[in-house]
1. Write out, first by first residue and then by second, each pair whose Cβ atoms fall under 6 Å of each other, whose residues are 6+ apart or on separate chains, and whose first residue, in segment B:449-477, is at the interface with another protein chain (Cβ under 7 Å from one of its Cβ atoms) while the second is modelled with pLDDT of 95 or more and assigned to a loop (DSSP other than H, G, I, E, B).
2. Given the criteria within 27 Å of the chain's Cα centre (by Cα), assigned to a loop (DSSP other than H, G, I, E, B) and over 30 Å from B:A99 (Cβ atoms), does B:G130 qualify?
3. Tell me, which residue of segment B:327-373 that is of a type in the set (F, W, Y) and in a strand (DSSP E or B) is farthest from B:D41 (Cα to Cα)?
4. Pick out the one residue from B:R208, B:R237 that is more than 23 Å from B:D334 (Cβ to Cβ), within 14 Å of the chain's Cα centre (by Cα) and surrounded by fewer than 22 Cβ atoms within 10 Å (Cβ to Cβ).
5. Taking the criterion of being within 30 Å of B:P157 (Cβ to Cβ) and at pLDDT below 95, would at least one residue in segment B:226-234 satisfy it?
6. Only one residue in B:A402, B:A390 is crowded, with 16+ Cβ neighbours inside 10 Å and closer than 26 Å to B:R13 by Cα, so which one is that?
7. Quick check: anything in segment B:261-268 surrounded by 24 or more Cβ atoms within 10 Å (Cβ to Cβ) and either touching a helix residue (DSSP H, G or I) at 6+ places or on another chain (Cβ under 8 Å) or part of a loop (DSSP other than H, G, I, E, B) (or both)?
Amino acid sequence: MPFEITLGDGDAHAVDVARRGGRATVTIDGRDYHGSLRPAGDGYELTLEDRAEPLWIVVQGDEVLVHAFGRSWSLSIVDPIERSRGGGPSEDVATAPMPGTVVRVEVAAGDEVAKGDVLLVIESMKMQSEITALRDGTVEQVFLAVDDTFDRGAALVALVPEPEAVEAD
Amino acid sequence: MSELPEKVLVANRGEIAVRVMRTLRALGIASVAVYHREDADGRAVREADEAVELFGDTPVGAYLDVPGIVAACGATGASAVHPGFGFLSENASFAEALAEAGITFIGPPPSAMRSMGDKIESKRLAAAAGVPTLPGSPDAVSDVEEAVAIAAEIGFPVLMKASAGGGGKGMRIANDAAECREAFERASSEAAASFGDGRVFVERFIGRPRHVEVQVLADGHGTVLHLGERECSIQRRYQKVIEESPSPAIDAETRAAMGATAVALAQAVGYVSAGTVEMILDEDGSFYFLEMNTRLQVEHPVTELVTGIDIVAEQIRIAAGEPLSFGQDDVRMDGWAIEARVYAEDADNDFMPAIGRLGLVRFPAGEGIRVDHGVVEGQQVSASFDPMIAKVAAHGATRAEAIARLRDALRRTVLLGTVTNTAYLERVLAHPDFAAGETHTNFLAVHAEALAPVPADADVERCLVAAAALASPRYDQRLAAPEPLASMGSWRP
């Protein structure tokens, strides 16, 4: 079963790889391409059919960062099976809308909160903003402390999952 | 004969600390870095001969710790301090604290820093020295109705700006009396909150201004020279993004007039060291005093590239009491230089600041390319400091050659692990209006649509997807997994 690879915010491609020595067949959305990726210079060289491109690559888990064609790109790899087990985004975890620093933490584990209550205050680009609860519930965990820095999408505060959201098994 | 110091402490961080240390090394002077622990593994600490840790309530606070820096000089035997830019570079009390401890401040006298640091006072001094100033309020505006009356006299639109401001804080534009009232209240309260000084200055607003500034050098023996101009019109929210020297809008006659004006102001305030007189250039060729920066500028490399003069070395010699070793006629501008500021920010997502670990760093090199940077591979880019992580500059015989070289250099600037603006900078340089020298301070806002990113075409996307697939360990892990399906991969050699 192939993995899904997405460039930036674009559409996912179903991609599989079959290796044979230094060569590989990369199947993208059902079409086969012969290719290779080999160290060259201070980076790598990608060949794909009759095309050859110099590039630089950093793999961070399922995020692949590539510098090619004069700029950097970010691609993500997802296993469709893992995703079907993991479930989608939820209201259980408040995440960071932008990178920044924690200015104040207003709640602690065990606190009861109502939808809209301020969980913590963050600062980004010298502007402060409030992170609020997306539903009523009980705080399970606060992941960061005052002065901690975080990236966009980082988990900030988790609420105890609602009973109906907990799977039977 | 004065002697250069044997050891200099650099009270800064990042690329400018590294750049100052490069000149110290060239002059045979030992360097001392100071650092907050977030920067302990940074390039500045590695390049310095010695390093002293500073502490503060915040990472930035560490670099503002005056007693800590004075103590670090004592502990290491540094007899002089170079402040770089930002942090304490324009803080007269810092210069005085160093002087009290018998340490040389590599910069101007505190009196000149004070008089030029206040927008109202500096404008008064500039006018007295014969420097053209924008029509505006001669003094701090005390209340809103006075501001409206002055604005009506000058003619709308007007700009309101904080007396103690900087970096665009406390600045507002008003097109009529009603807007003027609102702008005054907002500028004043913003300035009071940011600087503890709510005084506001009203002046004529110019619609398509260019930002042109003159680099001056003054020694302690009365000689003041200028090193030509830099145009820094490519700005976003009053922050410079691309700078060049010379300016595409200036001829030899205007250059001489602006230069003479800047020299006159420096002389009038008893200026010593390197400084920059910033001016607004109107479309009709008239120019007006904006402010004087009493320190090394971020964009000084473009002047160094076209004049061949090491401005930091001159600052150090001047601070040691040496007279300038050349005259105005010896200053020649050769070719064209352009600098682009590389910021850790997402230009395609409202310039959101970016952080992350720099997993791979490759900077370009080659003829006419200069890179000033302060990063090392593996370093964490945090939100604690200014997002500028490097300056990439190019020098060419012509402006077109400098643009071509800088575009190529930016395409070869590899910073993987955080998001940077290199692709955006290249799009700015590629814009036909930039090539034509049609630069003004609204450039980035006016051309925002044309500067938006172009999505990858199908061929490029296929290459990138294939590269990601071939680089990802995912496909190998799956084959190595002890599952029936995976074991069928035994055909793989």
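1. Taking only residues 6 or more apart or on different chains, the pairs are B:V460/A:F69.
2. Details: within 27 Å of the chain's Cα centre (by Cα): no; assigned to a loop (DSSP other than H, G, I, E, B): yes; over 30 Å from B:A99 (Cβ atoms): yes.
Against the criterion (within 27 Å of the chain's Cα centre (by Cα), assigned to a loop (DSSP other than H, G, I, E, B) and over 30 Å from B:A99 (Cβ atoms)), B:G130 does not qualify.
3. Step by step, filter segment B:327-373, then rank; the result is B:W336.
4. Numbers: B:R208 fails: within 14 Å of the chain's Cα centre (by Cα).
None of the other options fit; the residue is B:R237.
5. So far as segment B:226-234 goes, no, none of its residues is within 30 Å of B:P157 (Cβ to Cβ) and at pLDDT below 95.
6. Working: B:A402 fails: closer than 26 Å to B:R13 by Cα.
The conditions single out B:A390.
7. Within segment B:261-268, one or more residues are surrounded by 24 or more Cβ atoms within 10 Å (Cβ to Cβ) and either touching a helix residue (DSSP H, G or I) at 6+ places or on another chain (Cβ under 8 Å) or part of a loop (DSSP other than H, G, I, E, B) (or both).
Listed here are the residues, each with its yes/no results for (1) more than 19 Å from B:F385 (Cβ to Cβ); (2) over 25 Å from the mean Cα position of the chain (by Cα); (3) of a type in the set (D, E); (4) buried (at least 16 other Cβ atoms within 10 Å of the Cβ).
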{"residue": "B:A40", "(1), (2), (3), (4)": "no, no, no, no"}
{"residue": "B:R43", "(1), (2), (3), (4)": "no, no, no, yes"}
{"residue": "B:R46", "(1), (2), (3), (4)": "no, no, no, no"}
{"residue": "B:G61", "(1), (2), (3), (4)": "no, no, no, no"}
{"residue": "B:H82", "(1), (2), (3), (4)": "no, no, no, yes"}
{"residue": "B:L88", "(1), (2), (3), (4)": "no, no, no, yes"}
{"residue": "B:G107", "(1), (2), (3), (4)": "yes, no, no, yes"}
{"residue": "B:D118", "(1), (2), (3), (4)": "yes, no, yes, yes"}
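The values are calculated or read from the model by the stated rules, or taken from the named source; none is laboratory data. What you are looking at is a predicted structure, and each value in this text was computed from that prediction instead of being measured. Counting neighbours? That spans all protein chains shown, and the Cβs are built from the backbone with ideal geometry, glycine included.
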